[in-house]
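Undergrad: Here's a structure for you.
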Amino acid sequence: MAINLKFIVDNNVGKLARWLRMMGYDTLFFAGGDDSQMVATALAEDRVILTRDTQIMRRRVVTNGRLKVILIKSDEPERQMRQVVETLNLDWQFQPFALCLECNQSLVARDKQQVQDLVPPYVFQTQSQYMECPACHRIYWRGTHWQAMTKKLEKFMKG
Ligand SMILES: [Zn+2]
């Protein structure tokens, strides 16, 4: 299994980006426009394209195997995620808590003292591990939101 897989997600399956980032997989979101741009980025950065666009499958770089594309079947995000995980045999517990869900940047560990003024008091009292996104400066902690998403993922992958 290739653990360093990277992705580019077409805007027609955009919700996959957050799920893959949550698992720890480097995932770009392609905002739309010219497909050739997405294909060029995927080739240059060695990324797997995830899309519902059948046109891309006919491109020579795809048919000759130079570029890996997964044609997503469902329009339901959880099924889409499952298809990707199963097709590539991804480890859905690969690297949780490593990437910003919004901008795909690697999170940086922060001391509790550093975030005191940046998180709600009840969070500060109950959480000890914090990560910050160097790009958007969101602070992440393991409680609440993250836990809820992890549970959802776990339930879905096991069920
Ligand atoms: Zn960010």
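The values are calculated or read from the model by the stated rules, or taken from the named source; none is laboratory data. Bear in mind that the values here come from a model prediction, so they are computed numbers and not experimental data. Note: ideal-geometry Cβ built from the backbone for every residue, glycine included; neighbour counts use all protein chains shown. In case anyone asks, the SASA skips ligands and DNA or RNA and just uses the protein heavy atoms, side chains included. Shrake-Rupley method; radii C 1.70, N 1.55, O 1.52, S 1.80 Å.
Undergrad: Can you tell me which of 21-33, 42-54 comes out highest on packing, and rank the rest after it, using the mean Cβ neighbours within 10 Å?
TA: 21-33, 42-54
Undergrad: Percent relative contact order of region 39-159, based on C-alpha pairs within less than 8 angstrom and at least six residues apart?
TA: Dividing the mean separation by the residue count of region 39-159 yields 15 percent.
Undergrad: Multiply the residue separation of V123 and M157 by 0.36 nm, subtract the distance between their alpha-carbon atoms, and state the gained length in nm to one decimal.
TA: Once the chain is fully extended between V123 and M157, it gains 9.4 nm.
Undergrad: Looking at the chain, what % of its DSSP beta bridges pair antiparallel, to the nearest 5?
TA: 40 percent
Undergrad: Let me ask you something else. Under 5 Å between amide H atoms, partner at least 5 residues away or on a different chain: which partners does V48 have, H built in plane at 1.01 Å?
TA: Sorted by chain and number, the residues that satisfy this are K6, F7, I8.
Undergrad: If we count every other residue with Cβ under 14 angstrom of Q147's Cβ, Lys/Arg +1 and Asp/Glu -1, where does the sum land?
TA: Every neighbour counted, the sum reads +3.
Undergrad: Using a 10 Å cut-off on Cβ atoms, rank the peptides 121-127, 9-15 from the highest mean neighbour count down.
TA: Highest mean packing first, the order is 9-15, 121-127.
Undergrad: State in Å² the accessible area per residue of region 1-100; use a 1.4 Å probe, count heavy atoms of protein chains only, and round to the nearest integer.
TA: Accessible area per residue: 51 Å².
Undergrad: By how many degrees, between 0 and 90 and to the nearest 10, does the Cα long axis of helix 77-88 differ from the longest principal axis of the chain?
TA: Tilt of helix 77-88: around 70 degrees.
Undergrad: Can you give the FRET efficiency for D34 and Q147, using 1/(1 + (r/R0)^6), R0 = 41 Å, r = Cβ-Cβ distance, to the nearest 0.05?
TA: My answer for the efficiency is 0.55.
Undergrad: Where a Cα-Cα gap under 25 Å defines reach, which lysines qualify for K151, not counting those fewer than 8 residues away within the same chain?
TA: Excluding near neighbours in sequence, the set is K6, K15, K73, K112.
Undergrad: Report the local net charge at R138: Lys and Arg +1, Asp and Glu -1, summed over other residues whose C-beta lies under 9 Å from its C-beta.
TA: -2
Undergrad: Right, something else. Can you sort W19, W92 by 1.4 Å-probe accessible area, starting with the largest?
TA: Listed by decreasing accessible area, they come as W92, W19.
Undergrad: Shape of region 118-159 from its Cα gyration tensor (a ≥ b ≥ c, root eigenvalues): rounded if a/c is under 1.5, otherwise prolate when a/b > b/c, or oblate?
TA: oblate
Undergrad: Where does the chain land at 222 nm, in deg cm²/dmol rounded to the nearest 500, when only DSSP H runs of n ≥ 4 count, each adding -39500 (n - 2.57), divided by all residues?
TA: -11000 deg cm²/dmol
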